[in-house]
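Participant: This is the structure, below, for whatever I ask next.
The values are calculated or read from the model by the stated rules, or taken from the named source; none is laboratory data. Note that the coordinates shown come from a computational prediction; the quantities given were computed from them, not determined experimentally. Don't worry about glycine lacking a Cβ; one is built from the backbone with ideal geometry, like all the others, and counts go over all protein chains shown.
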Amino acid sequence: MKRATANAVAQALTWRLRDLRIRVGTVEIEQAMAVLQSQDDWSETSLKQVLVPIFAKRQEHRNVVSVLIGEFLTPPDHAIIDPAGAGTTEFKLDGLGPGPLPPPPETWWKRLRRRFAPVLEAKWTPRALALFGTVLIVPVIIFLFFRAFHQLWERIGAVFAGLRGAFQDPLGNSLAERGGDIENLQIALLVRHTVVSSLAASGVLLILIAMRLTRSKKSPGSRRRDPIVDRPPDGDGSVFRVGSLGGQPPPFLDPSLASEVVELITYRQTERLRKDLDLRSTVDRRVRGDLDSLVFQRRKELPTVVLLVDSAADCRHWNTLAEEFQVALEKRGLRVETLSYYSGLSKPSSYSSSSSDTVEATLLGLAERTGWILTAVFGDLKRLSGQDISILSAQREQGPVLAFDYTHPRLWDIRHSPFEMMGMGPFPATGYALRRALATAFAPDRGAIRAAKSTITGKPAYWHLSKPHLEWAIACAMVEPVSFSLAEKLRRAHPDLSGPAEGLAFSLLSALPESWLSREGLRFAPNIRRELLSKAAEIPKDLQMAFLDVFDAAFGEEPASVTAGELWRYTRAQAELFTPRQARALQDLADVKACGIIDPEAFDDFVGRLRQPGLREEAGTIRLRSAMPKLSGLLSKGEFPPIVDPSDIQFADWSIGLSDVRIRVNGDRSPLAAFFAEGQSFLTIDKGGTEPFSRVDAVRGNRQTLTQLTSLSNFDLAPSDFTQIYIFPNGQGGLLAARNGRLFNLVKGSESEKEWLPNIALQEIKTEMDLGDDPLIALSPNGSHIAYARAGSGEIAVVAAAADERPTKFQIAGTLTAIAYSKRGALLCADASGDILELSADDPAPSSSASGPSRLANFDGPIAAFADFYGDDDRRHVVAALADGRVAIQEPGLSSRSYDLLPWRPRWITVFPDRKAAMAGSQALGVSIAVTGAEGEFDIVGVDSAAGDNEFNALSLLDHSIEPSRDELAVLAINPERRRIIVRNGSYLEVRPLVYDLPEVGETVPAFQRISVPEQPAEEADRGGAVPA
């Protein structure tokens, strides 16, 4: 081949090797071009002998380079055209050789074969041609050689006789005994011996062919391969791996930072001269009098980058800075040499004991060949000995040496001082630190840009962890093993750790005693993990919610497979058990235990180590953030130790029963519902129906459509415009709230009517103020007055329900967050600072003697809903549900007590004063409080109403709280008198009872009861299909 073709092959080989991630730098290209210029004609063998040593630096690459050269020089037999252009590689070799040769002319034989190709390629064509030829040839042979057939038959008979004799008498002894003509005897013996030799040779030949075929079948090239099955990249949901939570980890070098880092590596001038004239220097010399001198430009060169990577460091499983740096350099054509060391730079890097197989020897060889070298060390610098540091110090003669440590700077000690004294760093192994180190070596004026420094100071709060690091470690301990990707997302959710200076904080976790890393993630030592989880209650509420958002995004949707789904729920329950979602985690643990897939011994070991707050903690136990009295019901055998309390507190048990009544509603839009005062029926507004108002019997399930006396179109309304519905406690009418802050009275029949009439009338209330789309509304207990206000304002208006008169307005200094009427008729309001004020309402018989706003209670946070109640001793208490999910209680004149119980924002609160929360001996304690969320969440909590000797922490009393995102249920209304709730379940509205059980005096009930989740049978719907109850 010509020199131009050889040059084209070398260029194509360069790009193909770079696609295969085999390093090819400018030095190799220059060497190849210089060798190819030495002669004009090249053969394939000579080209391989020259190019393989240049491009193949490793033994395993020699075969790859040789195969690629042969592939480039071998013309294809068939042109395979891919319509989509996938899987093809095109090399443009413009100006590198002669143009393409014209195709040779097509002969008549090729044209004939092309025309009859379909017939010739058919499977039946050879057999048909053979049969037809036989039919034609056999008669011709018989006709031409008819006389010779008789002799031929005799000869064939003689041959068969010879074959028979060869098997019966191979040596011909019988022929010799017969005697006869010697010449005929010799011919007969010759025939027999020839036949025997032919058979033996044929047998040996067949055996050799069989052995050859057997070897070829066992060879890798001809081995049958199984068909490749396409698998989805994210898995099919049949397997759940805890280490996969969090997805792919973020890169240490993003594309923009990688470009900036590589651009910092600049050229330097060498002693070699170029052919280009340096005009400025030449003119300068001639001006100075040297008229005969010519100054040529010096050549510039880039350094050879040598990366020394510690292959024994644990951090190599998650810190990929060295690999990303190598890829960034190779993409820009720089020469990179990556050398791995295990125990030291002067020790062999493999199993051989040769002194030439060391990193030190390789560095000396590179120095002789290249000269200018940039050396970067990535690893745990504390593992390098004094001899290794001396080798790096000597390497500084070839160029800059930079040392990067995988560990966090909080773990550095005096062993890092030699690197600092020699100007090698040390630097943290992060992208920004790499940029700062290269800027220091090549561009000192840019070294201070983006210098990331840790702002966390002070003494460690736990081992070597600061307080922010401890809070982050607690969140990481909730999932085991925790992947680097998930840990990084949790770190970035912490406001104090989200900066680039904490890019190596994961090494702080792996440095805890007996923690170990693998490709799956980080596992803490059992005692360390238990200590971390016991401190989960110390994390602030806003930080806990930020961590929960990360967990929600990481867990995603539940896998479709049963086994993977149970492992997914078990892992999520373990994580959420130490967060505000403790109630849901408890229910998930109960479901996982009922499924029976998780190992019972491992399950009991985990649950058995959990301890309630206030109990005596033993070695190996984990303290929960709040009390969970039903936790012991999850154990297969044995019980938790009882609460250390002389009064033996036994808690009440609330549960939600099966539906008593079920009606179908429009499934497209969520309806509104509210109980009438007696609790035997309720009012619904179907936002998608033509007759939206209906009255439903809560006992029998009968539905009665209420006729509108005044069309909604007269008020420029549609059924979907209504947002809230309220019914007066005494049953004398109600109130509807619509969009844009419009309020409408629900007019009931005459006072003589005990039930509502089959029609309904609306009367709009002139509010004289902008209430917004979500106004604050309160109805007086006797049904005489309506109070309303705009959320965030400081003005409350009170208007009579029956009379058409101007409202009475009240002003407060703060901004309103909630309003309500007390049990005895006083108007109460809550402001953003947590104060609850009592106002003198315009009531015909007000029970409050306050003449102006007076502070009734104070809580440390914005209030979402509140109510008051009177205990058995007629002492007044105020309970409040704060916006952050806490439930608080306060007696006037005493300090408030708040409990972190709810993971969602409350909307309404209902108090059951006669339903106690616990029993201590013969004394009933506390009160039950039902809290409903804005999206239909529901829970019942028990709160101690008075501080004393038998005081207990607030806790959830409902065996299965309702969360719409998990249960696909939503609570719309509650009736405290009959203890019923209206639940939205898909396309149905259901009325379900609230079942209350308090242990009686003398009843032997354990302090912790087993969880009993009521069976939820399926009910056949009106139009087919099973509908969950």
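Participant: I need the full set of residues from segment 654-694 which are among the basic types (K, R) and out of contact with any helix residue (DSSP H, G or I) (no Cβ under 7 Å at 6 or more places or on another chain), in order please.
Facilitator: Looking only at segment 654-694, we keep the residues that are among the basic types (K, R), and these are 662, 664, 669, 687.
Of everything in segment 654-694, those that are among the basic types (K, R) and out of contact with any helix residue (DSSP H, G or I) (no Cβ under 7 Å at 6 or more places or on another chain) turn out to be R662, R664.
Participant: Still on this structure, please answer the following. Return the pair list, or none, for Cβ contacts closer than 9 Å from residues in segment 460-471 that are within 16 Å of P540 (Cα to Cα) and hydroxyl-bearing (S, T, Y) to residues that are in a loop (DSSP other than H, G, I, E, B) and modelled with pLDDT of 80 or more, at least 6 apart or on different chains.
Facilitator: S466/D496
Participant: Still on this structure: What strands (runs of 3 or more DSSP E) completely inside segment 796-876 contain at least 2 residues that are at pLDDT 80 or above and within 24 Å of D900 (Cα to Cα)?
Facilitator: The strands (runs of 3 or more DSSP E) meeting that bar are 816-821, 827-831, 835-839, 854-858, 863-870.
Participant: Which ones in segment 54-71 are hydroxyl-bearing (S, T, Y) and in contact (Cβ under 8 Å) with a residue 24 or more places away in the chain? I'd like the intermediate steps shown before the answer.
Facilitator: Of segment 54-71, the ones hydroxyl-bearing (S, T, Y) are 66.
Of everything in segment 54-71, nothing turns out to be hydroxyl-bearing (S, T, Y) and in contact (Cβ under 8 Å) with a residue 24 or more places away in the chain.
Participant: Take the residues of segment 495-534 that are assigned to a strand (DSSP E or B) and touching a strand residue (DSSP E or B) at 6+ places or on another chain (Cβ under 7 Å): which is surrounded by the fewest Cβ atoms within 10 Å (Cβ to Cβ)?
Facilitator: Of everything passing the filter in segment 495-534, W516 is surrounded by the fewest Cβ atoms within 10 Å (Cβ to Cβ).
Participant: Follow-up. Suppose we filter L366, L411, L392 for residues that are in contact (Cβ under 8 Å) with a residue 60 or more places away in the chain and more than 30 Å from L497 (Cβ to Cβ); which single one remains?
Facilitator: On the way: L411 fails: more than 30 Å from L497 (Cβ to Cβ); L392 fails: in contact (Cβ under 8 Å) with a residue 60 or more places away in the chain.
After applying the criteria, what remains is L366.
Participant: Would you mind stating whether L504 is farther than 27 Å from T320 by Cβ and either hydrophobic (A, V, I, L, M, F, W, C) or within 18 Å of the chain's Cα centre (by Cα) (or both)?
Facilitator: Numbers: farther than 27 Å from T320 by Cβ: no; either hydrophobic (A, V, I, L, M, F, W, C) or within 18 Å of the chain's Cα centre (by Cα) (or both): yes.
Taking the combined requirement at face value, the residue does not satisfy it.
Participant: Okay, next question. Which residues, counting only those in segment 723-748, are touching a Lys or Arg at 6+ places or on another chain (Cβ under 7 Å) and on the phi < 0 side of the Ramachandran plot?
Facilitator: Result: T723, Q732.
Participant: Just one of (1) within 24 Å of D380 (Cα to Cα); (2) under 23 Å from the mean Cα position of the chain (by Cα) trips up L512, so point out which.
Facilitator: Status for L512: all satisfied but (2).
Participant: Further question: Just wondering, is there one or more residues in segment 295-316 that are modelled with pLDDT of 85 or more and assigned to a helix (DSSP H, G or I)?
Facilitator: yes
Participant: Taking A501, is it under 23 Å from S244 (Cβ atoms) and aliphatic (A, V, I, L, M)? Quick ask: steps written out before the conclusion?
Facilitator: Working: under 23 Å from S244 (Cβ atoms): no; aliphatic (A, V, I, L, M): yes.
So A501 does not fit the description; no.
Participant: Consider W42 carefully, then state whether it is surrounded by 11 or more Cβ atoms within 10 Å (Cβ to Cβ) and either at pLDDT below 75 or in a helix (DSSP H, G or I) (or both). Spell out the reasoning first.
Facilitator: Numbers: surrounded by 11 or more Cβ atoms within 10 Å (Cβ to Cβ): yes; either at pLDDT below 75 or in a helix (DSSP H, G or I) (or both): no.
So W42 does not fit the description; no.
Participant: I've got another one for you. Which of the following residues is among the aliphatic types (A, V, I, L, M), closer than 19 Å to I777 by Cα and at pLDDT 80 or above: A888, A880? If you could, list the steps in order and put the result at the bottom.
Facilitator: Working: A888 fails: closer than 19 Å to I777 by Cα.
After ruling out the rest, the residue left standing is A880.
Participant: Taking segment 19-39 as the search range and keeping residues that are in a loop (DSSP other than H, G, I, E, B) and among the charged types (D, E, K, R), which one is modelled with the lowest pLDDT? Step through it out loud before you land on a result.
Facilitator: Of the residues in segment 19-39, the ones in a loop (DSSP other than H, G, I, E, B) are 20-25, 37-39.
From the residues that got through so far, the ones that are among the charged types (D, E, K, R) too are 21, 23.
Numbers: R21: 68, R23: 73.
If we take residues in segment 19-39 being in a loop (DSSP other than H, G, I, E, B) and among the charged types (D, E, K, R), then R21 is modelled with the lowest pLDDT.
Participant: With the requirement that a residue be modelled with pLDDT of 90 or more and among the aliphatic types (A, V, I, L, M), what does segment 927-942 give you?
Facilitator: Within segment 927-942, V927, I929, A930, V931, I940, V941 meet the criteria.
Participant: Related question: Please tell me if L532 is over 21 Å from L548 (Cα atoms) and hydrophobic (A, V, I, L, M, F, W, C). Steps first, please.
Facilitator: Values: over 21 Å from L548 (Cα atoms): no; hydrophobic (A, V, I, L, M, F, W, C): yes.
Judged against the criteria, L532 is not a match.
Participant: Any chance segment 552-562 includes a residue that's among the acidic types (D, E), buried (at least 21 other Cβ atoms within 10 Å of the Cβ) and in contact with a helix residue (DSSP H, G or I) (Cβ under 8 Å, 6 or more places away or on another chain)? So that I can check it myself, show each step before the final result.
Facilitator: Step one: list which residues in segment 552-562 are among the acidic types (D, E), which gives 552, 557-558.
Among the residues that remain, those that are also buried (at least 21 other Cβ atoms within 10 Å of the Cβ) are: none.
Scanning segment 552-562, I find no residue that is among the acidic types (D, E), buried (at least 21 other Cβ atoms within 10 Å of the Cβ) and in contact with a helix residue (DSSP H, G or I) (Cβ under 8 Å, 6 or more places away or on another chain), so the answer is no.
Participant: Hey, can you tell me all the residues within segment 586-632 that are at pLDDT below 70 and farther than 22 Å from L902 by Cα?
Facilitator: L615, R616, E617
Participant: Another one. Which one is nearest to L264 (Cα to Cα), of the residues in segment 359-375 that are out of contact with any strand residue (DSSP E or B) (no Cβ under 8 Å at 6 or more places or on another chain) and of a type in the set (A, V, I, L, M, F, W, C)?
Facilitator: The residue in question is L364.
Participant: Please go through segment 595-607 and pick out each residue that is in contact with a Ser or Thr (Cβ under 9 Å, 6 or more places away or on another chain) and of a type outside the set (A, V, I, L, M, F, W, C). Full working, then the answer.
Facilitator: Taking segment 595-607 and keeping what is in contact with a Ser or Thr (Cβ under 9 Å, 6 or more places away or on another chain), we get 597, 600-601, 603-604, 607.
Residues satisfying the conditions are P600, E601, D604.
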